[in-house]
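A short worksheet on the structure shown next.
The values are calculated or read from the model by the stated rules, or taken from the named source; none is laboratory data. Bear in mind the structure is a predicted one, so any value in this text is a computation, not a measurement. Using ideal geometry, Cβ is built from the backbone for each residue, glycine included, and neighbour counts are taken over all protein chains shown. When the accessible area is computed, the model is the full protein with side chains, heavy atoms only, and any ligands, DNA or RNA have been set aside. Shrake-Rupley method; radii C 1.70, N 1.55, O 1.52, S 1.80 Å.
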Amino acid sequence: MRKVRGPLTAPASPSRTLSDYLDMATRHRLLLIGATVAGMAVGGIYTGLAPREYQSQTQVLVAPTGAETSVVAQSRSKTEINLDTEAQLVTSTAVAKLAAKTLGVKSRDAATLAGEVEVSVPPNTSILTIAFTADSPAGARDGAEAFADAYLVNRVETAKNRLAEQMDVVDGELAGLEAERGRLTQELSKLDESDFDYVVVKNSRGAVDSEITEWTSLKAQLTSASSAVSAGRVISEPRLPQSASSPKPLVAVAGGTLLGALAGVSVASVRQRFAARVWHASDVSRRCDVDVIAVVHRDIEIKTNDVFAAFSPGGRVFGRLRNEVVAALGPAPHRVIVVAGVSSGSASSVCAANLAAALARAGSPSVAVAAHPSGPFTVTSLLDAPAVPGLSDVFADRSDLARATHRAARHPLLDVVGPGGCGTATGPSRDTIAKVYSQLRDRASYVVVDAPPMTVSADAQLLAADADAVLIAVECGKDKVEDVAEAVQAMHRIDAPLLGAVALPRMPAPTDEPEAPTRRGITSESSRRTVTTVRDERVRRGRPPTPRRRGGGSGGGMPTGDDRPTDMIPVVEDDDPLEAIGDRRDER
């Protein structure tokens, strides 16, 4: 049964960590530095080329004029004057025209002139701060002085006009009362003191006289107030500015630097989002139409000679991956899981070896099959198992599966089938793979196959065709988006049960130091030295060396670990120093 129980669910967009952003900044460092320097330069150029502006300030103490008839509630000062209203009056058209006349500016430019004025009110005061901006120090000083004087003049004129209006009202009332008094006096002269109406008319004239007295007193007050109108005074004369208020070099350079840095970050983000390569796990789910079910973050160091420990950060990642894969496959045992890479490298080998180790740690007998031996480090090097005899020898009928299966170091429930050393002109057939899968299922509960990269060989599709689950190992920073998308579509075209993708950081470069001998006694390097010794011995004894086979690369068939047939390591005579090695291989 090939089909999995159901698709795995995963976050649509894996979250980014600080290391991801630092990595992006490192990769785009030239862009970020260039944009920041360019922004700084633009700020400096703007400082040098922008027109200079100068600002001068004056302060006016606002006093009651005596013409106020009411108190405006909720004023910002404790006086009966609303300074917020007075601040707006400073920039009014009437004040601007008076200031323009003082400065010798045409009245039609008064609105433009008023736009250069800024008025502020210090808290809990009766003071207006009037600032004027001009292109010269003298113009700024004269403008501030002109607007302060114009505001005071306009306020005095407004107060006098209001008092004059009140005076007109009083004069009108007095005229009416005087006329009424004259009529009553004339009527009183016609009456005799003994008449009853005489007293009434006399009392009426007395009431009119009282009103005339009151209105006369009010007129005297208005006359006195009109002659003593005071709108306020300038308490701080405007000064000649010593330096320009704009542009400010520090602000311009800092602002240009910040804008340049932001522009650089924006461009870097766009490049990151639409980059040709996969740089983050979110690129896989967003651009390649496949869920990411496990992410090995960049801050986790990839081991080149061993799998992750069970409780290490990397081990926990593959432990969760094991649980999700087992849940997706269902309760039935004997499942084959194919892990395929995208481009040449060891991403699939790291994923397959660690997944197999995680399954074995959980108590499930497992087999790791190295069908991709051409990376810098392979399943056999990660699990410390011999590479030959292996899978290619089984495919070529040069060895049986039992002899090609080796026990992994430090994992008693994990066996390893190495890549083998037999090169063939053609790859294995699907029937052969199905037969091998059947034998492997009889030996273990889970079989994890490390398939060749999809851009290097078509064998990954062949291996995935009869598998129960398929994982695609994506190496961030190396694999291209189009290659990952093509690998996903290739699995869909053969109806392979694709569970999702595993995102890994870029694999470390292999070291040049020779490998230490393993518990099996022979490493890949020592095997090559042994083969060379055997070939030299065969030539010394007069026997022709066995020809090396070609075609072990990505072109024809399965790639090989060291490009040599299995029968190149024969058992030699008793007096040969390599006899012990041949005996140990026969025993296994």
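General remarks:
- Candidate cross-link partners of Lys303 among the lysines, defined by an alpha-carbon separation under 20 Å and a same-chain spacing of 8 or more, comprise Lys478.
- Under 12 Å, Cβ to Cβ, from Ala268 - net charge with Lys/Arg +1 and Asp/Glu -1: +3
- Within straight-line reach of Lys106, meaning a Cα separation under 28 Å, sit the following lysines at least 8 residues removed in sequence or on another chain: Lys97, Lys160.
- Computed FRET value (nearest 0.05) for His492 with Ile45, which takes r as the C-beta separation and R₀ as 56 Å: 0.50
- A simple charge model with +1 on the Cβ of Lys and Arg, -1 on the Cβ of Asp and Glu and nothing else charged puts the dipole of segment 275-344 at about 20 debye relative to its Cα centre.
- Linear extension gain, Arg273 paired with Glu118, 0.36 nm per residue minus alpha-carbon span: 51.2 nm
- Potential lengthening of the chain between Asp431 and Asp135 amounts to 97.6 nm, from the contour at 0.36 nm per residue minus the alpha-carbon distance.
- Element breakdown for segment 395-445 at a 1.4 angstrom probe: carbon and sulfur atoms account for 46% of the accessible area.
- Using the Karplus relation 6.51 cos²θ - 1.76 cosθ + 1.60 with θ = phi - 60°, the per-residue 3J(HN,Hα) values for segment 475-492 come to 9, 5, x, 10, 6, 8, 4, 5, 5, 5, 4, 5, 5, 5, 5, 5, 5, 5 Hz, with x marking Gly and Pro.
- Leading residue at positive end of dipole, segment 381-489 (Cβ point charges), from Ala485, Ala464, Val417: Val417
- Note on Asp400 and Ala509: their simple-model spin labels are 4.6 nm apart, each label 7 Å out from Cα toward Cβ.
- Note on exposure: Val90, Val326 ranked by accessible area (1.4 Å probe, complete protein assembly) read Val326, Val90, with the most exposed listed first.
- Protein heavy-atom surface of segment 182-312, 1.4 angstrom probe: 55% of the accessible area is carbon and sulfur, with nucleic acids and ligands not counted.
- For segment 140-229, the solvent-accessible area works out to 60 Å² per residue, with a probe of 1.4 Å and every protein chain left in place.
- Computing FRET efficiency as 1/(1 + (r/R0)^6) for Glu180 and Ser92, where r is the C-beta to C-beta distance and R0 is 45 Å, gives about 0.55.
- Extended-chain gain in nm, criterion 0.36 nm per residue less alpha-carbon gap, Asp171 and Leu18: 46.7 nm
- Working note: Karplus 6.51/-1.76/1.60 with θ = phi - 60° gives segment 47-53 the couplings 4, x, 9, 5, x, 6, 10 Hz, where Gly and Pro are set to x.
- Glu187 sits among other residues whose Cβ lies under 13 Å from its own Cβ, and their net charge, with Lys and Arg +1 and Asp and Glu -1, is +1.
- Estimated translational D of segment 216-264 in µm²/s (Stokes, Kirkwood radius over Cα pairs; 25 °C; 0.890 mPa s): 148 µm²/s
- Within segment 294-438, the proportion of Cα pairs with more than 24 Å between them is 29 percent.
- Each of Leu259, Ser269, Val296 was scored by the projection of its Cα onto the charge dipole of segment 256-305, and the greatest displacement toward the positive side belongs to Leu259; charges sit on the C-beta of Lys, Arg, Asp and Glu.
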